[in-house]
Amino acid sequence: MPPIDHADFAGVQPAGVDPLPTFTAREFRDAMGEFTTGVVVISTEFEGQAHAMTANAFMSGSLEPPLVLVSVAHTARMHARIRQAQCFAISILCNTQLNCSNHFAGKPQTDNPPLFERLHDLPVVAGASLQLATALVHDYDCGDHTLFVGHVQALRAHPDKPRPLLFHGGKYNQLAAADWSAENVPTGFWHDGHEGW
């Protein structure tokens, strides 16, 4: 049997399958906005100057070692700052910190600017739900963004556990009150790498 030349099948769709739909960058962004996230401030310090930006592309990556990831656009000033400093901090904002989010998203709040405090010698947002200080251990190119992986060196949680500031569909939102009992939450919700729960 002669070898198959895959070039012969270029552009051929399997029977009964519609061509892939096209979409714009804006449509893709709007679609990704349907995934509700928290709001964080990424911060670092370089040559004695604090730098910060608002983001929602943040996630935990590993428990052992404790790793977190942020996705930062190549065009963002923070992109170069993280590489220069080789470290970054994360402040998870609570629902009373909308002004703080706007401030670091390019809408300065001159009347009531956010305050920084220190964690493991990095600037973090005062009053945040959770503060993490990390050392940069990896960075991966991801299209027009870079995934920065930080090894968590220190963390500090707000003692009152305030409700988080949320972002969905291009708008801020907040968590509604709910009566969640322990038996309704899957014990394996944090996926541990095993099949199933």
Can you give the accessible area per residue of the range 22-144, in Å², using a 1.4 Å probe? 57 Å²
If the chain between residue 110 and residue 95 were fully stretched, how many nm would it gain, using 0.36 nm times the residue separation less the Cα-Cα distance? 3.4 nm
Give me the number: length gained by fully extending residue 75 to residue 136, i.e. 0.36 nm times residue separation minus the C-alpha to C-alpha distance, one decimal in nm. 20.0 nm
Starting from 0.36 nm per residue, how many nanometres of slack lie between residue 168 and residue 117 once their C-alpha separation is accounted for? 15.5 nm
Charge sum, other residues only, whose C-beta stays under 13 Å from residue 98's C-beta, Lys/Arg counted +1 and Asp/Glu -1: +3
With unit charges on the beta carbon (Lys/Arg positive, Asp/Glu negative), name the residue among 130, 153, 110 whose Cα is farthest towards the positive pole of the charge dipole of the range 36-181. 110
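Carbon-plus-sulfur fraction of the accessible area of the range 61-127, 1.4 Å probe, in percent?
Numbers: 1870 of 3610 Å².
In the range 61-127, the share of accessible area belonging to carbon and sulfur is 52 percent.
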Inter-label distance, nm, simple model (7 Å from Cα along the C-beta direction), residue 86/residue 64: 2.8 nm
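The values are calculated or read from the model by the stated rules, or taken from the named source; none is laboratory data. Remember, predicted model here, so these are calculated numbers, not experimental data. Virtual Cβ from ideal backbone geometry, glycine too; neighbours counted across all protein chains shown. The protein model used for the area step is the full one, side chains on, heavy atoms only, and it has no ligands, DNA or RNA in it. Shrake-Rupley method; radii C 1.70, N 1.55, O 1.52, S 1.80 Å.
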